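Notes follow once the structure below has been shown.
The values are calculated or read from the model by the stated rules, or taken from the named source; none is laboratory data. Because the structure is predicted, anything quoted here is derived from the model rather than measured. Reconstructed Cβ throughout: ideal geometry from the backbone, glycine too, with neighbour counts over all protein chains shown. To get the accessible areas, we keep the full protein, side chains included, count just its heavy atoms, and leave off ligands, DNA and RNA. Shrake-Rupley method; radii C 1.70, N 1.55, O 1.52, S 1.80 Å.
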Amino acid sequence: MKLARIGILTGGGDCPGLNAVIRSVAKPAMAHFHAKVFGIQDGYEGMVEGRYRELSPIDVLGIINQGGTILGTSNKGDPFHFPMGERGNLRIVDASDQVIENYRNMKLDALIAIGGDGTQIIAHKLYQMGLNVIGVPKTIDNDLDATDITFGHDSARAVATEAIDRLQTTASAHHRVMIMETMGRYAGWIALGAGLAGGADIILIPEIPFSWDRVFEAVLKRSKGAKFSIICVAEGAKEEGGDMSVRQMDKKRTDPVRLGGVGELIAKRVEDETGLETRVTVLGHVQRGGSPTAFDRILATRFGAVALQSASRGEFGVMTSLRENNVITVPLQDAVGRQRLVPPDSQLVFAARAVGTCLGD
Ligand code: F6P
């Protein structure tokens, strides 16, 4: 397989480990295949608008430990749902022909698309239109079914765990109820993992809708013993029969929903119903920033190396995936559009319950 010109892009929300993938594609591509590597700027937006630059070995030097992405990213660049104009004048158009044209102009032999489910759905469509695309899965949310874990998740979970550790000392000092809202969209992996690791007293995740009475009971019980409570709540958590808290709708994105607000909602109800002093921390983008953990650096490096190997074999329309500690490739067709949510009967949930954590049900 001729591998002379390789494009690489990072799409969707950033996460720690993106630069480690860029490095592990670019370094061997340049050193072993003597290929030219083109960094496409701001995800598919750059692919539509023809914004890219050739990377040099210097560009990928010393970036394994850097958060963010040296290429920039965007979650408003879906070529099949491309926003043109601003606000009152906003139009959504299909700009996929522009991507095909730019791919051909760049004379690419392969395009490596690093991103979450949205990025991989687009990668699959572009593959079906004839482009040599390979996907690499990232997201702090860990919500892709086709891989045991995505890189970025471990780093976000570590940040959230440290935040709980810090909240615990101040909660204990003031005898307060401390609520920490994590990201994660429709999946509760970050809240459950950090809640378990940080020893949260109550963990609320979208997959297990909560009852207000269970939450009130749990904090009142704690107030009589330890005298403080930590509630770790995923942004997508909702009460039984209720809906997720939506902060904003953004039409420029393929999925317009921006979640947020459930932490505030719970804080108000807990304080009103129990009389206990309550505070809320919304962890937000702190979870997405900063250096990747060693686990994420290694996984990202393995993903990038395997993606390049697949390209060298002419194997396209696939996504890298971790299965039983082995990095393999799976067809994009089978990988996309399938969310990996926390199974309510999973061992993580079982272990949380075993140590007395209230799951709100
Ligand atoms: O998908 C990653 C994620 O961080 C989610 O956990 C969160 O809901 C969303 O992105 C936030 O998006 P934005 O950065 O556009 O606010």
TODO: Apply the Karplus parameterisation 6.51 cos²θ - 1.76 cosθ + 1.60, with θ equal to phi minus 60°, to every residue of the stretch 294-309 and state each ³J(HN,Hα) to the nearest whole Hz, in sequence, with x for glycine and proline.
DONE: 4, 4, 5, 4, 5, 4, 4, 5, 5, 4, x, 5, 6, 4, 5, 4
Task: Distance (nanometres) between label positions extended 7 Å along Cα→Cβ at residue 330 and residue 272 - done: 4.3 nm
TODO: Note down the nm distance, to one decimal, between modelled labels 7 Å out along Cα→Cβ at residue 93 and at residue 58.
DONE: 3.8 nm
Task: Contour excess over end-to-end distance, with Cα ends at residue 350 and residue 221 and 0.36 nm allotted per residue - done: 44.3 nm
- [ ] Mind listing the long-range amide H neighbours of residue 72? Cut-off is under 5 Å, sequence gap 5 or more, other chains count too, H placed in the peptide plane at 1.01 Å from N.
- [x] 42
Task: Long-range HN-HN contacts of residue 181 with modeled amide H, under 5 Å - done: 233, 281, 282, 283
Open item on the list: Amide H of residue 52 versus every other amide H placed in the peptide plane: which residues, excluding those fewer than 5 positions away on the same chain, fall under 5 Å?
Closed with: 41
TODO: Give me the distance in nm between label points sitting 7 Å out from Cα along the Cα-to-Cβ direction at residue 31 and residue 2, one decimal.
DONE: 2.7 nm
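To the nearest 500 deg cm²/dmol, what mean residue ellipticity at 222 nm is calculated for the chain from DSSP H runs of n ≥ 4 alone, each contributing -39,500 (n - 2.57), summed and divided by the residues?
It lands at -11500 deg cm²/dmol.
Report, in debye and to the nearest 20, how large the dipole of the stretch 156-288 comes out about its Cα centre when Lys and Arg carry +1 and Asp and Glu carry -1 on their Cβ. Numbers along the way, then the final one.
Values: 19 positive and 18 negative charges, 76 e Å.
About 360 debye.
Given R₀ = 30 Å, what would the calculated FRET efficiency be for residue 338 paired with residue 295, taking r from the Cβ atoms and rounding to 0.05?
0.80
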Open item on the list: If I stretch the segment between residue 86 and residue 165 completely, what's the gain in nm (0.36 nm per residue apart, minus their alpha carbon distance), one decimal?
Closed with: 24.2 nm
TODO: Could you run the Karplus curve 6.51 cos²θ - 1.76 cosθ + 1.60 with θ = phi - 60° over the stretch 44-57 and give me ³J(HN,Hα) per residue in whole Hz, x for Gly and Pro?
DONE: 5, 4, x, 6, 6, 8, x, 9, 7, 8, 6, 8, 10, x
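Quick one: accessible area per residue over the chain, 1.4 Å probe, rounded to a whole number of Å²?
Per-residue value: 42 Å².
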TODO: Kindly write out, for the stretch 217-233 in residue order, the coupling ³J(HN,Hα) from the Karplus curve 6.51 cos²θ - 1.76 cosθ + 1.60 (θ = phi - 60°), rounded to whole Hz, with x marking Gly and Pro.
DONE: 4, 5, 6, 5, 4, 5, 5, 8, x, 5, 6, 8, 9, 10, 10, 9, 10
Task: Exposure of residue 254 as accessible area (Å², to 10), given a probe of 1.4 Å and all protein chains - done: 90 Å²
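For residue 65 and residue 286 in the same chain, what is the full-extension length gain: residue separation times 0.36 nm, less their Cα-Cα distance, in nm?
Once the chain is fully extended between residue 65 and residue 286, it gains 77.9 nm.
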TODO: Any chance you could tell me what percent of the C-alpha pair distances in the chain go past 29 Å?
DONE: 42 percent
